[in-house]
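Here is the structure we will look at, set down as structure tokens.
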Amino acid sequence: MMRTHRAGELRRDHAGATVAVCGWVATRRDHGGVVFLDVRDAAGVVQVVVDPEAPGAEVAHRVRSEFVVRVEGEVRPRPEGTVNEELPTGEVEVAAQRLEVLSEAEAPPIPIGGRQEADELLRYRYRYLDLRGDRLQRNLRQRAVVNRVLRRVMDGHGFVEVETPMLIASMPEGARDFVVPSRLQPGSFYALPQSPQLFKQLLMVGGFDRYYQIARCLRDEDPRSDRQFEFMQFDIEMSFVDGEDVMAVVTEAAVTAAEEATGELPGAVERITWHDAMERYGTDKPDLRFGLELVDLGEVFAATEFRAFQAPAVKGIRVPGEGGVARARLDALIERAKQLGAAGLVWMRVGEAGALDSPVAKFLSEAEQLGLVDALGAGSGDLLLLVAGERAIANRVLGTLRLDLARPPVDEGGLRFVWVVEFPLFEGLDDEGRPIPAHHPFTMPHPDDLELLASGQGEELLAARSQSYDLVLNGWELGSGSVRIHRADMQQQVFTALGITPEDAQVRFGFLLDAFRYGAPPHAGFAIGVDRFAAVLAGEENIREVVAFPKTQSGADPLTGAPTPLDPAQLKELGLQVVKRPEAKKPKS
Ligand code: ASP
């Protein structure tokens, strides 16, 4: 038998047992003849003691860090005073009776588990060594728990796991496609799926009323801390339901996964409209772990003489106990607000009995000063920050300052889920004045806004709401979903608003419109980005810490060298010719 136990599993109960364990040598200490090896495997680390008289003792002098060894020996309690409380195996050690080297190792180019110090390129180049460390071992195992629970909950509700294709036609999810050249049809290309969106809708037409998949999705967008080119999406779709049914099932799946992965019960899952989220938090992904809500001061300053506050919106936040902050810090906040697009930032320090210390206090009436203190619930020692201007800008600036000033680190403050509902259907107008869809164009409009959609023009359309919903966890957007349009006539109406002609629509998603002609059930769905979810649960700021083989910021994979040029024969077979972009410069080294 190669091994009887995993090294990291040995406990006091095993004392007296003869065991065989295998693993990597984490450390080796030579104490004048007696050699101590810390042997690491997937379950943890155990101390092995090799006495000079033990058979194979000479091997112990030869092993080095990261050698793969097999040890046979007796588990014994550690001598008095040498118990290591930090280590789960810390009460025992294995007295080696036989030590074998299964594989030698060169000195590792990065410290195992010492990621903070190691250069990112090296970490990804030698990811298999990085993976041996505690943090990635823990994160990837926790991520597997998330997947397992999501599947279990869906299976429990009678969902069917269906796999959708990777080589598809380009479809609209709003991002750039990755494309794959076709060998059999030179000059034609497949797109890699940005999501299974249209296929899951077709599955509903196909009579599968509850679908799910943990699907690989690809989007050619610049990688960031919360985004990789490829990511996993927990994707669902349901027929004969409304948005409430979808949110209920997703809530159960997400909360159960979070609880089982972390051992921590998430707080109550809240719900807020998009409009209220923007007004109270200045963002569509509010972080509810802390207060500092944005307060509308429009009424307080309705008749103000102070020019700067004669604006479409005046909003403020109260930063408790920060009244004593230094002038330099306030100047930095003003600078930051301006960078974010505000005309300025007004600060006020609250003194005894609500007295305001601020460069603008003298321009405000007593009633305004009292009203302001009252509206913000301010007390002595607080700092107040106010922004006046366009409502959207005031909200965005204060929303960002709120995060800058008080957002807890990702691994603190518990787990706070919130549903953001009733998103606008459109997020703005393009250069030609056409609305840009906030989600994909298959999203059902809000029933109360259908008329607006039919008759509205330009800016007016921006008030139209959709039946879509996002799930947000601690200020991270975990995913989004919607009730879908299931009738060809309404789909055409939305396409028209988007400036997509019937001919265009037929070319791009004719197959979906065709399917709708043969009896489409009302349906709705959702998708959670598993990488982001796993990152928040693991307390990681960067999703690369929960991805086994990530790409760098520039989209490269230092391990396999991807992307690489193709050799001429391959290009020829695919009917491709590479044209150098004239502006392409050599990257700076
Ligand atoms: N396909 C959408 C997305 O990838 C999710 C959905 O609407 O179900 O964001």
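Confirm whether Arg216 is within 14 Å of the ligand (Cβ to nearest atom), closer than 19 Å to Ala562 by Cβ and not polar (S, T, N, Q).
Numbers: within 14 Å of the ligand (Cβ to nearest atom): yes; closer than 19 Å to Ala562 by Cβ: yes; not polar (S, T, N, Q): yes.
In short, yes.
Can we say Gln185 is within 16 Å of the ligand (Cβ to nearest atom) and more than 23 Å from Pro550 (Cα to Cα)?
Values: within 16 Å of the ligand (Cβ to nearest atom): no; more than 23 Å from Pro550 (Cα to Cα): yes.
Answer is no for this residue.
Name the residue that is nearest to the ligand (Cβ to nearest atom), counting only residues in region 231-244 that are more than 24 Å from the chain's Cα centre (by Cα) and open to solvent by 40 Å² or more (accessible area, probe 1.4 Å).
My answer is Asp242.
Can you name every residue in region 75-116 that is more than 24 Å from Val63 (Cβ to Cβ) and within 36 Å of the chain's Cα centre (by Cα)? Walk me through how you get there before you give the answer.
Our first condition is that a residue be more than 24 Å from Val63 (Cβ to Cβ); within region 75-116, this holds for 77, 80-81, 83, 85, 91, 115-116.
Answer for region 75-116, where residues must be more than 24 Å from Val63 (Cβ to Cβ) and within 36 Å of the chain's Cα centre (by Cα): Glu85, Arg115, Gln116.
Would you mind telling me which numbered condition in (1) out of contact with any helix residue (DSSP H, G or I) (no Cβ under 8 Å at 6 or more places or on another chain); (2) part of a loop (DSSP other than H, G, I, E, B); (3) of a type outside the set (D, E, K, R); (4) more than 14 Å from the ligand (Cβ to nearest atom) His439 fails?
Result: His439 passes all but (4).
Based on what the data block shows, is Val145 among the β-branched types (Val, Ile, Thr) and part of a strand (DSSP E or B)?
On the way: among the β-branched types (Val, Ile, Thr): yes; part of a strand (DSSP E or B): no.
No; evaluated as a whole, the condition is false for this residue.
Are there any pairs with C-beta distances below 9 angstrom linking a residue in region 410-423 that is in contact (Cβ under 8 Å) with a residue 12 or more places away in the chain and under 30 Å from Pro437 (Cβ atoms) to a residue that is part of a strand (DSSP E or B) and small (Gly, Ala, Ser), with the two at least 6 apart or on different chains, and if so which?
Correct list of pairs: Val420/Ser480; Val421/Ser468; Glu422/Ser466; Glu422/Ser468; Phe423/Ser466; Phe423/Ser468; Phe423/Ser480; Phe423/Ser482.
Among the residues that make up region 282-305, is at least one of them open to solvent by less than 60 Å² (accessible area, probe 1.4 Å), assigned to a helix (DSSP H, G or I) and not charged (D, E, K, R)? Walk me through how you get there before you give the answer.
Just the residues of region 282-305 that are open to solvent by less than 60 Å² (accessible area, probe 1.4 Å), to begin with: 282-284, 286-292, 294-295, 297-298, 300-301, 304.
If we keep only those that are assigned to a helix (DSSP H, G or I) too, we end up with none.
No; the residues of region 282-305 include none that is open to solvent by less than 60 Å² (accessible area, probe 1.4 Å), assigned to a helix (DSSP H, G or I) and not charged (D, E, K, R).
In region 133-154, what count of residues is obtained for those that are touching an Asp or Glu at 6+ places or on another chain (Cβ under 8 Å) and open to solvent by 40 Å² or more (accessible area, probe 1.4 Å)?
Matching residues across region 133-154 total 2.
Return yes when Gly174 is out of contact with any helix residue (DSSP H, G or I) (no Cβ under 8 Å at 6 or more places or on another chain), open to solvent by 30 Å² or more (accessible area, probe 1.4 Å) and more than 24 Å from Arg544 (Cβ to Cβ) and no when it is not.
No, not satisfied.
Look through Thr82, Thr89 and report the one residue that is surrounded by 16 or more Cβ atoms within 10 Å (Cβ to Cβ), part of a loop (DSSP other than H, G, I, E, B) and among the hydroxyl-bearing types (Ser, Thr, Tyr).
Numbers: Thr82 fails: surrounded by 16 or more Cβ atoms within 10 Å (Cβ to Cβ).
From the options Thr82, Thr89, the qualifying one is Thr89.
Just one of the numbered conditions (1) under 14 Å from Gly8 (Cα atoms); (2) exposed (fewer than 15 other Cβ atoms within 10 Å of the Cβ) is not true of Gln47; which one?
(2)
Could we say that Glu221 is more than 14 Å from the ligand (Cβ to nearest atom) and assigned to a loop (DSSP other than H, G, I, E, B) here? It would help to see each step written out before you state the result.
On the way: more than 14 Å from the ligand (Cβ to nearest atom): no; assigned to a loop (DSSP other than H, G, I, E, B): yes.
Criteria not met by Glu221.
How do the pairs read when you match residues in region 311-329 that are free of Cβ contacts under 8 Å to residues at least 12 places away in the same chain with residues anywhere that are open to solvent by less than 70 Å² (accessible area, probe 1.4 Å), using Cβ under 6 Å and keeping only pairs 6 or more apart or on different chains?
Close Cβ pairs satisfying both conditions: none exist.
Filter region 197-206 for residues that are in contact with a strand residue (DSSP E or B) (Cβ under 9 Å, 6 or more places away or on another chain) and at pLDDT 95 or above; which is nearest to the ligand (Cβ to nearest atom)? Before you say what the answer is, go through the steps one by one.
Quick first cut of region 197-206, residues in contact with a strand residue (DSSP E or B) (Cβ under 9 Å, 6 or more places away or on another chain) only: 197-201, 203-205.
Going one step further and asking which of them are at pLDDT 95 or above, we end up with 199-201, 203-205.
On the way: Phe199: 10, Lys200: 7, Gln201: 9, Leu203: 12, Met204: 12, Val205: 16 Å.
This residue is Lys200.
Glu322 versus (1) open to solvent by 50 Å² or more (accessible area, probe 1.4 Å); (2) outside any loop (DSSP other than H, G, I, E, B); (3) in contact with a strand residue (DSSP E or B) (Cβ under 6 Å, 6 or more places away or on another chain): which is the lone unmet condition?
So the condition that Glu322 fails would be (2).
Looking at region 488-509, can you tell me whether even one residue there is touching a helix residue (DSSP H, G or I) at 6+ places or on another chain (Cβ under 6 Å) and either within 16 Å of the ligand (Cβ to nearest atom) or part of a strand (DSSP E or B) (or both)?
Checked region 488-509: no residue is touching a helix residue (DSSP H, G or I) at 6+ places or on another chain (Cβ under 6 Å) and either within 16 Å of the ligand (Cβ to nearest atom) or part of a strand (DSSP E or B) (or both).
Every residue, every condition in (1) within 16 Å of the ligand (Cβ to nearest atom); (2) more than 22 Å from Gly510 (Cα to Cα); (3) crowded, with 17+ Cβ neighbours inside 10 Å; (4) among the aliphatic types (A, V, I, L, M), yes or no:
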| residue | (1), (2), (3), (4) |
| --- | --- |
| Phe423 | yes, yes, yes, no |
| Asp430 | no, yes, no, no |
| Gly433 | no, yes, no, no |
| Asp449 | no, yes, yes, no |
| Leu461 | no, yes, yes, yes |
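Phe442 versus (1) touching a strand residue (DSSP E or B) at 6+ places or on another chain (Cβ under 7 Å); (2) among the aromatic types (Phe, Trp, Tyr); (3) open to solvent by 10 Å² or more (accessible area, probe 1.4 Å): which is the lone unmet condition?
(3)
Have a look at Ile485, Ile543 and point out the one that is surrounded by 12 or more Cβ atoms within 10 Å (Cβ to Cβ) and either aromatic (Phe, Trp, Tyr) or farther than 30 Å from Thr400 by Cα (or both).
Details: Ile543 fails: either aromatic (Phe, Trp, Tyr) or farther than 30 Å from Thr400 by Cα (or both).
Of the residues listed, the single one that is surrounded by 12 or more Cβ atoms within 10 Å (Cβ to Cβ) and either aromatic (Phe, Trp, Tyr) or farther than 30 Å from Thr400 by Cα (or both) is Ile485.
Take Glu335 and tell me if it is assigned to a loop (DSSP other than H, G, I, E, B), at pLDDT 95 or above and surrounded by fewer than 19 Cβ atoms within 10 Å (Cβ to Cβ). I'd like the intermediate steps shown before the answer.
On the way: assigned to a loop (DSSP other than H, G, I, E, B): no; at pLDDT 95 or above: yes; surrounded by fewer than 19 Cβ atoms within 10 Å (Cβ to Cβ): yes.
Considered against the rule, which asks whether it is assigned to a loop (DSSP other than H, G, I, E, B), at pLDDT 95 or above and surrounded by fewer than 19 Cβ atoms within 10 Å (Cβ to Cβ), Glu335 comes out as no.
Only one of (1) away from the ligand (no atom under 16 Å from the Cβ); (2) closer than 27 Å to Leu198 by Cα; (3) more than 19 Å from the chain's Cα centre (by Cα) fails for Ala257. Which number is that?
Condition (3) is where Ala257 drops out.
Among Leu512, Leu415, Leu471, which is within 15 Å of the ligand (Cβ to nearest atom) and not in a helix (DSSP H, G or I)? Talk me through it step by step, then tell me what you get.
Working: Leu512 fails: not in a helix (DSSP H, G or I); Leu415 fails: within 15 Å of the ligand (Cβ to nearest atom).
Matching residue, one of Leu512, Leu415, Leu471: Leu471.
For (1) under 20 Å from Glu305 (Cβ atoms); (2) among the hydrophobic types (A, V, I, L, M, F, W, C); (3) without any contact (Cβ under 8 Å) to a residue 40 or more places away in the chain, each residue gets a yes or a no:
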site	(1), (2), (3)
Ala342	no, yes, no
Arg349	no, no, yes
Leu356	yes, yes, yes
Ser365	yes, no, no
Gly371	yes, no, no
Leu376	no, yes, no
Asp382	no, no, no
Ala392	no, yes, no
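Asp209: over 28 Å from Leu574 (Cα atoms), within 15 Å of the ligand (Cβ to nearest atom), in contact with a strand residue (DSSP E or B) (Cβ under 9 Å, 6 or more places away or on another chain) and touching a residue at least 60 places away in the same chain (Cβ under 8 Å), yes or no?
On the way: over 28 Å from Leu574 (Cα atoms): yes; within 15 Å of the ligand (Cβ to nearest atom): no; in contact with a strand residue (DSSP E or B) (Cβ under 9 Å, 6 or more places away or on another chain): yes; touching a residue at least 60 places away in the same chain (Cβ under 8 Å): yes.
Judged against the criteria, Asp209 is not a match.
The values are calculated or read from the model by the stated rules, or taken from the named source; none is laboratory data. Predicted, not measured: the structure shown is a model, and the values here were computed from it. Virtual Cβ from ideal backbone geometry, glycine too; neighbours counted across all protein chains shown. Calculation scope for accessible area: heavy atoms of the full protein, side chains included, ligands and nucleic acids excluded. Shrake-Rupley method; radii C 1.70, N 1.55, O 1.52, S 1.80 Å.
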